[in-house]
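These notes concern the structure reproduced below.
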Amino acid sequence: MRFWHSIVGKIWGTIILLLTGVLVATGFFIGIVYEDKNTEQITNKIKTTTENIGHLIEGGTDFDTISAAINLLDQPMGVIVEKNGESVASKQTSMYLNEEAYDHLFSDEKMNDHLAKGKYISEMYNFYGTDNEKVHMGAQHFKTLDGGISTVYVYRSYEDILKVTGQVTKTLIISGIVAILATSILSFILSSRMAYPLREMKKVAIAVSKGNFDNRVPTYTHDEVGDLGIAFNKMAQQLKYNISALRQEKEQLSNILVGMADGVIKFNIDKTIILSNPPAEQFLHDWFFSTENEDKVLIPPNLDQMLTNILESREEQVGEIVFGDQTYVAILTLLYNGDDIRSIVTVIRDMTEEKRLEKMKADFVNNVSHELRTPISMLQGYSEAIIDGVAQTDEEVREFAQIIYDESLRIGRLVNDMLDLARMEAGFNQLEKERLQVTPFLDKVVSNFEVLAKENHVKLRLVTDNPDLEYTFDPDRMEQVLVNLVMNAIRHTGREDYEGVVEVHETADFQADELMIKIIDNGSGIPEEDIPFLFERFYKADKARTRGKTGTGIGLAIVKNIVEAHNGKITVESHLGIGSTFIVTLPLSTDI
């Protein structure tokens, strides 16, 4: 069945059906025409034979001579010469005629009526012979010389006529079969040759559908099929170029989406997600596993509402999505297919850091204002007291002037610390490194705090594991780190009701490639929730614990920047009411 569905089968079948129809119609027409022509020829021959025998009778030829003459006629032709109701001469065919047949022929009223009119008759006649055969017969009366009437009957078997027609029909059928076979072979070869380029096109088309655009259709002819092959090759080449261009654009778009810091989500009009990039997937992941998503829905309710609004209003939507400690801004835009909405593109921008920076900026302004307001108020108040003459004695004037001086120093320290921190965060943290012994350097720093430690009832100790260890660092900057950490430890450890202890430990772990300097105290400790924010500017874990202290609130931020400039890190371990440990870790592998 597959052959009949192919173009070869269709062309071959069409040609054979057309040829068969033409041959059948032609053969049928030729058979009819030949049969009529053959019948006409036989009729004419019978008539001619009848007339010739009649001429012999009219010329006075005796019947014996006539009998000898008619025996010389063609075998299929039968002749009967009748005179006075008797057969005087005859020539029979393969059909034998008995006396009963002769009597029936001579006594046939219809034939005798026609013959009585003196006309030649020609008709089909049922000859009652041995086989009761049907014949084509011609008959006519002729006058003899003695004045009598003699009738000549010439006939030929209709079966002989049919046999001749059957031979012709057989010949036509055999010729038709031979013609059909020859045409079938030729048409199959022709159709196969015509279909070969089309089969090649099919193979190439299948390869193109699978993404292989390098195959080409061979062009063997210069007809319409050859032109189709050339056009197909050009189409495949152009399609390869277009697909390559589309693939490049798709890769560029994919790379852009992957490289974008903002999340991009493409929604269908039924709010199903079609496409998303990694930041968007992270956004959806964070939302799905957030504590606020109790029903475990895929998208936040705010975003779902914005999708509904943009589908109804067909206007761009901008909204804020907040869950947990994260803040996002969503921008929704419609994509159209003509006048119909095709999809919705949503850009998700993480504004958490921006919100945090805005808060830090506001806190920074508030903290700076708070830190400067107290010393400025004291400067203003004590200077007004001196101007207004509130200070009566020289001792009171000196006391007020000392307070003004101390507050001005405090303002100076605050401004200098802010400038140092700004320079460090801007990248202008130039280090002047020297290779020094670590233990003597730590001992020098610790010794500077002995008086302050005694005043605050604190024991200050230095513990070193590697007295001869040398390290390359900026001594001024590192001293600033230690001064801040040790001073903070003393401030928050010293109490009159018990003796505080502050220890500076130096440890070198060569296997872990670490030099650690720990400042350990048994002071009041730091609440766990405040530890992540200790190194932010102006952050103070407990405002009550710093009341009356002289700290600016940005010392630990400076410490963190200096330690990171040395490729190190600083961590905190603290328990409320037990004490705190600040750990400065420096890499030994970067030591030069």
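The values are calculated or read from the model by the stated rules, or taken from the named source; none is laboratory data. Note that this is a predicted model, so its numbers are computed, not measured. Here Cβ is always computed from backbone atoms with ideal geometry, including for glycine, and neighbour counts include all displayed protein chains. To get the accessible areas, we keep the full protein, side chains included, count just its heavy atoms, and leave off ligands, DNA and RNA. Shrake-Rupley method; radii C 1.70, N 1.55, O 1.52, S 1.80 Å.
Applying a DSSP loop filter and a limit of 16 other Cβ atoms within 10 Å to the GluC sites (Glu not before Pro) in region 250-346 leaves 292, 294, 315, 316. Across the chain, counting alpha-carbon atoms alone, Rg and Dmax equal 64.3, 206 Å. Here the sum of -39500 (n - 2.57) over DSSP H runs of 4 or more residues, divided by the residues of the chain, equals -17500 deg cm²/dmol at 222 nm, to the nearest 500.
As a test question: what accessible area, to the nearest 10 Å², does residue 55 have when a 1.4 Å probe is rolled over all protein chains in place? So the heavy atoms of residue 55 present about 110 Å² to solvent. Give, as ranges by residue number, the residues of region 265-292 whose backbone N falls under 20 Å from the point 7 Å along Cα→Cβ of residue 341. 265-276, by backbone N distance to the label point.
Here is the list for region 212-265: chymotrypsin sites (Phe, Trp or Tyr not before Pro) lying in DSSP coil, each with at most 13 other C-beta atoms within 10 angstrom of its C-beta, are 220. All other residues with a Cβ under 13 Å from the Cβ of residue 348 taken together, and with Lys, Arg as +1 and Asp, Glu as -1, what is their net charge? Net charge in that neighbourhood comes out at -3.
Measuring with a 1.4 angstrom probe and ignoring ligands and nucleic acids, residue 509 comes out at about 60 Å² accessible. Note that region 169-323 carries a Kirkwood radius of 22.0 Å, evaluated over its alpha carbons pair by pair. Using the Cβ-Cβ distance between residue 326 and residue 241 with R0 set to 35 Å, the FRET efficiency works out to roughly 0.15. A simple spin-label model places the labels of residue 36 and residue 71 4.1 nm from each other, with each point 7 Å out along Cα-to-Cβ. Spin-label model, residue 205 to residue 451: label points 7 Å out along the Cα-to-beta-carbon direction sit 10.1 nm apart. Estimated from the Cβ-Cβ distance and a Förster radius of 45 angstrom, the FRET efficiency linking residue 52 and residue 20 is about 0.45. Using the Cβ-Cβ distance between residue 269 and residue 512 with R0 = 56 Å, the FRET efficiency computed as 1/(1 + (r/R0)^6) comes to roughly 0.45.
Just the protein heavy atoms count here, and of the accessible area of the chain at 1.4 Å, carbon and sulfur take up 55 percent.
Applying Stokes-Einstein at 20 °C and 1.002 mPa s to the Kirkwood radius of region 438-509, computed over alpha-carbon pairs, gives a translational diffusion coefficient of 167 µm² s⁻¹.
Inter-label distance, residue 109 to residue 123: 1.3 nm, where each label sits 7 Å from its Cα along the C-beta direction.
Surface exposure of region 298-375, expressed per residue as accessible area with a 1.4 Å probe, stands at 60 Å². Of 580, 87, the residue with the largest accessible area leads and the full order is 87, 580 (1.4 Å probe). List the aspartates and glutamates whose alpha-carbon lies under 18 Å from that of residue 296, not counting same-chain residues fewer than 8 positions away? Those aspartates and glutamates meeting the cut-off are 281, 286, 304. Seen from all directions on average, region 288-367 presents a Cα convex hull projection of 6.9 nm².
Kirkwood analysis of region 199-270, using all unique Cα-Cα pairs, places the hydrodynamic radius at 14.9 Å. Pairs 83/134; 203/240; 37/110; 117/143; 10/203; 37/163: which are spaced more than 18 Å apart, C-alpha to C-alpha? Result: 83/134; 37/110; 10/203 exceed 18 Å.
Full extension of the chain segment joining residue 355 with residue 333 gains 5.5 nm, where the gain is 0.36 nm per residue of separation less the Cα-Cα distance. For residue 346, the accessible area of its heavy atoms, probed at 1.4 Å with every protein chain present, is near 0 square angstrom. Principal axis extents of the C-alpha atoms in region 147-201 (largest first, rounded to whole Å): 93, 16, 9. The Cβ shell under 11 Å around residue 475 holds other residues with a net charge of -1, Lys and Arg each +1, Asp and Glu each -1.
Residues of region 248-279 falling in the label zone of residue 316, defined by backbone nitrogen less than 19 Å from a point 7 Å along Cα to beta-carbon, are 261-267.
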